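Novice: Next up is a structure, given as structure tokens.
The values are calculated or read from the model by the stated rules, or taken from the named source; none is laboratory data. Computed from a predicted structure; not experimentally measured. Heads up, the Cβs are rebuilt from the backbone with ideal geometry, glycines too, and the neighbour counts pull from every protein chain shown.
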Amino acid sequence: MKGVVLAGGLGTRLYPLTRATNKHLLPVYDRCMVQYPLETLVRAGIREVMLVTGGPHAGDFLAVLGDGRELGLSRLQYAFQEGEGGIAAALRLCEDFADGERILVVLGDNVTNADLSADVRSFVRGARVFVKPVDNPSEYGVPEFDDSTPPRILRIIEKPKLPPSHLAVTGLYMYDAHVFDYIRALKPSGRGELEITDVNNRYLDEDALSWSELDGVWLDAGESKDALLRANLEVARWHESSALTKEPA
């Protein structure tokens with residue numbers, strides 16, 4: 001399986017912090033935001049990654065990440081996205097890199113300590129989304145479930161005014177090679193973007209979408225300035241907890 005990190009956009013919600021750099025290069029505790037999704041991929045056993053970015057500060061990623069070897073990657077490629085066409089439009093740029101293999105996609109502002117290695121090993125076909133309870137589900141794609149055991153997703157609603165649950169679809173997705181066929185068939189939404197929710201619902205239509213609740217902490221660090229602050233504080237707690245549990249030398 002290969003990995004994809006989507007780190008484009010202009011980061012307008014974090015302005016003026018993003019005046020001089022891409023939002024995914026802003027600090028979260030002791031490293032840049034984008035390093036956390038890359039570490040998530042490495043933790044899951046993935047060593048080949050494509051990073052998609054754009055905007056006027058795209059070149060800054062090279063200075064921070066280089067060829068990815070310091071992060072444990074054997075191959076780190078870059079792609080440049082012109083404009084802002086949505087998550088699915090950015091993912092479309094990775095088709096040649098994927099080369100028919102399954103992919104684990106992580107949005108560049110998603111910070112988690114979850115270990116997805118078991119999901120990577122078990123995933124064979126279709127798509128899998130990872131969900132997490134949130135306080136503000138109307139800001140995300142929200143799954144609606146049936147009454148079966150275990151429950152199945154009936155549909156995913158993008159930013160619903162009346163969310164059918166408190167679970168949000170996080171910015172971590174697993175796809176087989178059909179994802180690029182489905183993206184090619186998409187039409188822009190009312191926002192003028194190619195929506196990843198439409199891709200996931202296409203997999204639902206094909207009865208090929210599974211889901212897991214993400215273990216551990218999940219943070220959408222790029223959602224707002226408050227979210228960025230919360231991410232810094234939470235990751236600082238991870239480091240403090242780790243230091244406290246280490247045996248003295």
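Novice: What pairs can you find where one residue is in segment 190-201 and touching a residue at least 60 places away in the same chain (Cβ under 8 Å), the other is surrounded by 21 or more Cβ atoms within 10 Å (Cβ to Cβ) and not hydrophobic (A, V, I, L, M, F, W, C), and their Cβ atoms are less than 6 Å apart, with a gap of 6+ or different chains?
Specialist: Going by the 6 Å Cβ cut-off, the qualifying pairs are E193/G86; L194/G86; E195/G86.
Novice: So which residues in segment 163-192 are touching a helix residue (DSSP H, G or I) at 6+ places or on another chain (Cβ under 9 Å), within 22 Å of D135 (Cα to Cα), modelled with pLDDT of 95 or more and among the hydroxyl-bearing types (S, T, Y), if there are any at all?
Specialist: Y173
Novice: Sticking with this structure for a sec: Based on what the data block shows, is F145 free of Cβ contacts under 8 Å to residues at least 24 places away in the same chain, farther than 23 Å from Q35 by Cα, aromatic (F, W, Y) and surrounded by fewer than 21 Cβ atoms within 10 Å (Cβ to Cβ)? Lay out the reasoning, then the answer.
Specialist: Numbers: free of Cβ contacts under 8 Å to residues at least 24 places away in the same chain: yes; farther than 23 Å from Q35 by Cα: yes; aromatic (F, W, Y): yes; surrounded by fewer than 21 Cβ atoms within 10 Å (Cβ to Cβ): yes.
Yes, satisfied.
Novice: Another one. Which pairs do you get when a residue that is touching a residue at least 40 places away in the same chain (Cβ under 8 Å), found in segment 52-66, comes within reach of a residue that is part of a strand (DSSP E or B) and of a type in the set (G, A, S), reach meaning Cβ atoms under 8 angstrom, with the pair 6+ apart or on two chains?
Specialist: What qualifies is V52/A7; V52/A79; T53/A7; T53/A79; F61/A7.
Novice: Restricting to segment 8-42, what's the tally of residues that are surrounded by 20 or more Cβ atoms within 10 Å (Cβ to Cβ), without any contact (Cβ under 8 Å) to a residue 60 or more places away in the chain and among the hydroxyl-bearing types (S, T, Y)?
Specialist: 1
Novice: Out of G45, G9, report the one residue that is farther than 16 Å from N110 by Cα and not aliphatic (A, V, I, L, M).
Specialist: Values: G9 fails: farther than 16 Å from N110 by Cα.
From the options G45, G9, the qualifying one is G45.
Quick grid of which residues meet (1) modelled with pLDDT under 95; (2) over 15 Å from the mean Cα position of the chain (by Cα); (3) assigned to a loop (DSSP other than H, G, I, E, B):
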position	(1), (2), (3)
V105	no, no, no
D115	no, no, yes
R121	no, yes, no
K132	no, no, no
D135	yes, yes, yes
P143	no, yes, no
T149	yes, yes, yes
K161	yes, yes, yes
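Novice: May I pose another question? Identify all residues within segment 184-197 that are part of a helix (DSSP H, G or I) and surrounded by fewer than 21 Cβ atoms within 10 Å (Cβ to Cβ); write none if there are none. I'd like the intermediate steps shown before the answer.
Specialist: At the first step, the residues of segment 184-197 found to be part of a helix (DSSP H, G or I) are 184, 196-197.
Passing the criteria: only R184.
Novice: Moving on. If you go through segment 6-24 one residue at a time, do you hit one that is in a loop (DSSP other than H, G, I, E, B) and at pLDDT 95 or above? Before you say what the answer is, go through the steps one by one.
Specialist: The initial filter retains those residues of segment 6-24 that are in a loop (DSSP other than H, G, I, E, B), namely 8-11, 15-22.
Next cut, at pLDDT 95 or above only: none.
Scanning segment 6-24, I find no residue that is in a loop (DSSP other than H, G, I, E, B) and at pLDDT 95 or above, so the answer is no.
Novice: Among the residues of segment 148-162, how many are touching a helix residue (DSSP H, G or I) at 6+ places or on another chain (Cβ under 7 Å), among the basic types (K, R) and free of Cβ contacts under 8 Å to residues at least 40 places away in the same chain?
Specialist: The first filter runs over segment 148-162 and keeps only residues touching a helix residue (DSSP H, G or I) at 6+ places or on another chain (Cβ under 7 Å), leaving 153, 155-156, 158-161.
Checking which are among the basic types (K, R) leaves us with 155, 159, 161.
Checking the rest, the ones that are also free of Cβ contacts under 8 Å to residues at least 40 places away in the same chain come to 159, 161.
The qualifying residues number 2.
Novice: Can you name every residue in segment 78-107 that is charged (D, E, K, R), closer than 21 Å to R47 by Cα and crowded, with 16+ Cβ neighbours inside 10 Å?
Specialist: Restricting attention to segment 78-107, the residues satisfying the condition of being charged (D, E, K, R) are 82, 84, 92, 95-96, 99, 101-102.
With closer than 21 Å to R47 by Cα added as a condition, the list becomes 92, 95-96, 99, 101-102.
Across segment 78-107, the qualifying residues are R92, E95, R102.
Novice: For segment 47-65, state whether one or more residues are of a type in the set (V, I, T), within 18 Å of E101 (Cβ to Cβ) and assigned to a loop (DSSP other than H, G, I, E, B).
Specialist: Let us first name the residues in segment 47-65 that are of a type in the set (V, I, T), namely 49, 52-53, 64.
Filter again for within 18 Å of E101 (Cβ to Cβ), leaving 49, 52.
Remaining after also requiring assigned to a loop (DSSP other than H, G, I, E, B): none.
The answer is no; no qualifying residue exists.
Novice: Let me ask another. Among the residues of segment 163-180, how many are part of a loop (DSSP other than H, G, I, E, B) and within 24 Å of R92 (Cβ to Cβ)? So that I can check it myself, show each step before the final result.
Specialist: Of all residues in segment 163-180, those part of a loop (DSSP other than H, G, I, E, B) come to 163-166, 176-177.
Now narrow it down to the ones that are within 24 Å of R92 (Cβ to Cβ): 176-177.
Selection size over segment 163-180: 2.
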